[in-house]
Amino acid sequence: MSPEPLLITGDFNIHVDVHTDSDASRFQDLLSSMGLQQHVDKSTHISGHTLDLMITRCSDSFLTAKPMTDYLFSDHFTVLCDLALSKPSPKNEQISYRKLKAIKIEDFKQDLSTSELCNYSPDSLNDLVECYNDTLSQVLERHAPLRSKVIRSRPLVPWFNEDIKNARREKRKAERKWRRSGKHDDMLSYKKIKNTTNRLMNEARSQYYHDFINDNSSNQKKLFAAANTLLNQRKKNTVLPPCDDKLELADRMGSYFVQKITDIGTRLDVMAQDLSTDPLLNCTLSPTPKFSKFTALSELEVRKLIEGSAKKSCSFDPMPTSLVFSCIDVLLPVITKMINLSLVDGVFADVWKCALVKPLLKKAGLDPLLSNYRPVSNLPYISKLTEKAVYNQLHLHMIDNSVYPEMQSSYRKGHSTETALLRVVNDILMKMNSQEVTLLVMLDLSAAFDTVNHDILIKRLHEELGIADSALSWFESYLHNRMQKVDIEGSISNPFDLGCGVPQGSCLGPILFIIYASKLFKIIEHELPCAHCYADDTQLYLSFKPNTTSQDQALQAMENCIGKIRKWMIHDRLLINDSKTELILIGSKQQLSKLQPISISVGNSIYLDENKT
């Protein structure tokens, strides 16, 4: 139980005042066993029993007076008490802002169109990107200078309106009048106004969310955000490790993310020393037709790219992406030139290689320890457009040449977590119909995206996807000399160099990881008939008849497969997280009962058949 001060209230519907009542006795024993005490000692119901309770820890002392009951409008009395607690004061917060709505777009576009950027732009990508960033920053500062102010943070209530404000004022006025006079007529008047106020609030709230859902019926992200608000679900990024200095925390988290990858690399170096040779480690996939250069885009294609992108901004962007959309007619030729310079020359701008990382808890409810956070990259808008242009052409090349692993369900149209789940569940159910049991092993990797070796990835792109010449040079430029900064609520750390990994949060990162791990299925098919992946999550499964011979053969095949996967992953600088690997036996109750005890070795861990379903 949480160590925080605890107050539990409500209608428990237990007659705690009747000491001979067996339910009441068991309830009191339960409270005592938990170190809790109940404070209400008066009747709380019109029929004369204590049903509405106030419970605290025995050690808590914030309840400073015995609870009192007061009859209002229900058959249950209102239970009142004094608490030695104060309402938290709203915090003052200094924010920086720009009056973007005050910008006259036509004047803004005029300033852009007469700037050096739109009339004499450089032919070097790095120079052009620098000119783009400087020009947009200067024009934005001229039209909407950065300002700061102190605000008092309050909960956002978007449906609150003037009618509700006035009704609440009248309700408080009526309540004060009734409590002063004690007259029955004043009580009825207060009750009527209270009901009217509640009705207004309920109608306003319902109408707001009704309109919101209709307006955003095709925007799943906004719908989920609204649902989380209604369910009082906190955002993932609101929980941070305790700190006195956010900048110090940003540097500490940045160092941790880099050191974690360094430590994994050191472990892999040690493990690689004992790695025996295996032909599968150097196996190659079927060669793919050559892809030597990216195709330059027309302004129409870039416009479609922009219109299909999200209006998200990064702190490294010179101005909000929403303004880029508003000025697209002026900026389209410049943006097209930047993207095409990158594609044709095979280079990725230096300033685009720095990612702004926001640490997110891996799972809601985890303790705010550094090891429980993952770095998610936020990248400049134009860099993401360029990545998307590369992704589209690389994806088409892979589709045309059937390069995607058949059993990899991530990050492509028509494939999802749902299709992966359906495939695995269907395979298992079909085997259950044949009176077979399925052994399912789920492998977990440690920081899979962050440990991708750049040299191995470049080699794989060249040898197995046919990427060559300027197209290969683009990927070399994209991967090398990357860095990241950590952002903690506006406090940005020093830069940290990244010697390996592909950025999480980019559209290219996932597809590059799929390419990097494409040999996995080549390894698996030598040992097992079934496997499925979603990004770096791998499910190995093997079905067998529940007899000793079939069971032993299945276990041997699974252990051999996992052993070869471990060898390949160590060779290719990936690390299986033994502690998070899961083993499950699935079958009918009758078939599972026929099995002998099962154990499987994964690295230094031995997994037993504790999970049966």
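The values are calculated or read from the model by the stated rules, or taken from the named source; none is laboratory data. Small disclaimer: the values here were computed from a predicted structure and weren't measured. Cβ placement follows ideal geometry from the backbone for every residue including glycine, while neighbour counts extend to all protein chains displayed.
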message = Please count how many residues of segment 46-62 are free of Cβ contacts under 8 Å to residues at least 40 places away in the same chain and buried (at least 18 other Cβ atoms within 10 Å of the Cβ).
response = 1
query = Is at least one residue of segment 62-81 at pLDDT below 85 and over 30 Å from ILE46 (Cβ atoms)?
reply = no
ask   = How many residues does segment 560-588 hold that are more than 33 Å from the chain's Cα centre (by Cα) and assigned to a helix (DSSP H, G or I)?
value = 1
task = At least 1 residues that are among the basic types (Lys, Arg) in each: list the helices (runs of 4 or more DSSP H) lying fully within segment 78-149 that qualify.
result = 105-113, 125-143
ask   = Restricting attention to segment 510-521, does a residue exist that is surrounded by fewer than 22 Cβ atoms within 10 Å (Cβ to Cβ) and closer than 30 Å to LEU240 by Cβ?
value = yes
request  = Starting from residues that are among the polar types (S, T, N, Q) and surrounded by 10 or more Cβ atoms within 10 Å (Cβ to Cβ), keep the ones in segment 143-165 and report whichever is modelled with the lowest pLDDT.
outcome  = SER153
ask   = Just checking, how many residues over segment 424-454 are more than 29 Å from the chain's Cα centre (by Cα) and assigned to a helix (DSSP H, G or I)?
value = 7
task = Sort through LEU472, LEU512, LEU461, LEU540 and tell me the only one that's assigned to a helix (DSSP H, G or I) and either under 25 Å from the mean Cα position of the chain (by Cα) or under 18 Å from SER409 (Cβ atoms) (or both).
result = LEU512
ask   = Across segment 360-377, what is the number of residues that are charged (D, E, K, R) and in a strand (DSSP E or B)?
value = 1
query = Could we say that VAL157 is within 30 Å of VAL344 (Cα to Cα), of a type in the set (A, V, I, L, M) and under 34 Å from the mean Cα position of the chain (by Cα) here?
reply = no
ask   = Restricted to segment 292-308, and to residues that are crowded, with 16+ Cβ neighbours inside 10 Å and either in contact with a His (Cβ under 9 Å, 6 or more places away or on another chain) or in contact (Cβ under 8 Å) with a residue 60 or more places away in the chain (or both), which residue is nearest to LYS388 (Cα to Cα)?
value = LEU305
task = Check whether at least one residue in segment 166-185 is surrounded by 15 or more Cβ atoms within 10 Å (Cβ to Cβ) and within 41 Å of the chain's Cα centre (by Cα), and report yes or no.
result = yes
task = Answer yes or no: is there a residue in segment 24-32 that is within 39 Å of the chain's Cα centre (by Cα), under 29 Å from ARG179 (Cα atoms), surrounded by 11 or more Cβ atoms within 10 Å (Cβ to Cβ) and in contact (Cβ under 8 Å) with a residue 24 or more places away in the chain.
result = no
task = Would you confirm whether any residue within segment 382-395 is surrounded by 18 or more Cβ atoms within 10 Å (Cβ to Cβ), of a type in the set (Asp, Glu) and under 21 Å from LEU136 (Cβ atoms)?
result = yes
ask   = What about LEU555, is it over 26 Å from the mean Cα position of the chain (by Cα), in a loop (DSSP other than H, G, I, E, B) and either free of Cβ contacts under 8 Å to residues at least 40 places away in the same chain or more than 27 Å from GLY499 (Cα to Cα) (or both)?
value = no
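Yes or no, residue by residue, for (1) surrounded by 11 or more Cβ atoms within 10 Å (Cβ to Cβ); (2) closer than 18 Å to ASP329 by Cβ; (3) of a type in the set (Phe, Trp, Tyr); (4) at pLDDT 90 or above:
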position: PRO90; (1), (2), (3), (4): yes, no, no, no
position: GLN94; (1), (2), (3), (4): no, no, no, no
position: ARG98; (1), (2), (3), (4): yes, no, no, yes
position: GLU106; (1), (2), (3), (4): no, yes, no, yes
position: CYS118; (1), (2), (3), (4): yes, yes, no, yes
position: PRO122; (1), (2), (3), (4): yes, no, no, no
position: VAL129; (1), (2), (3), (4): yes, no, no, yes
position: TYR132; (1), (2), (3), (4): yes, yes, yes, yes
position: THR135; (1), (2), (3), (4): yes, yes, no, yes
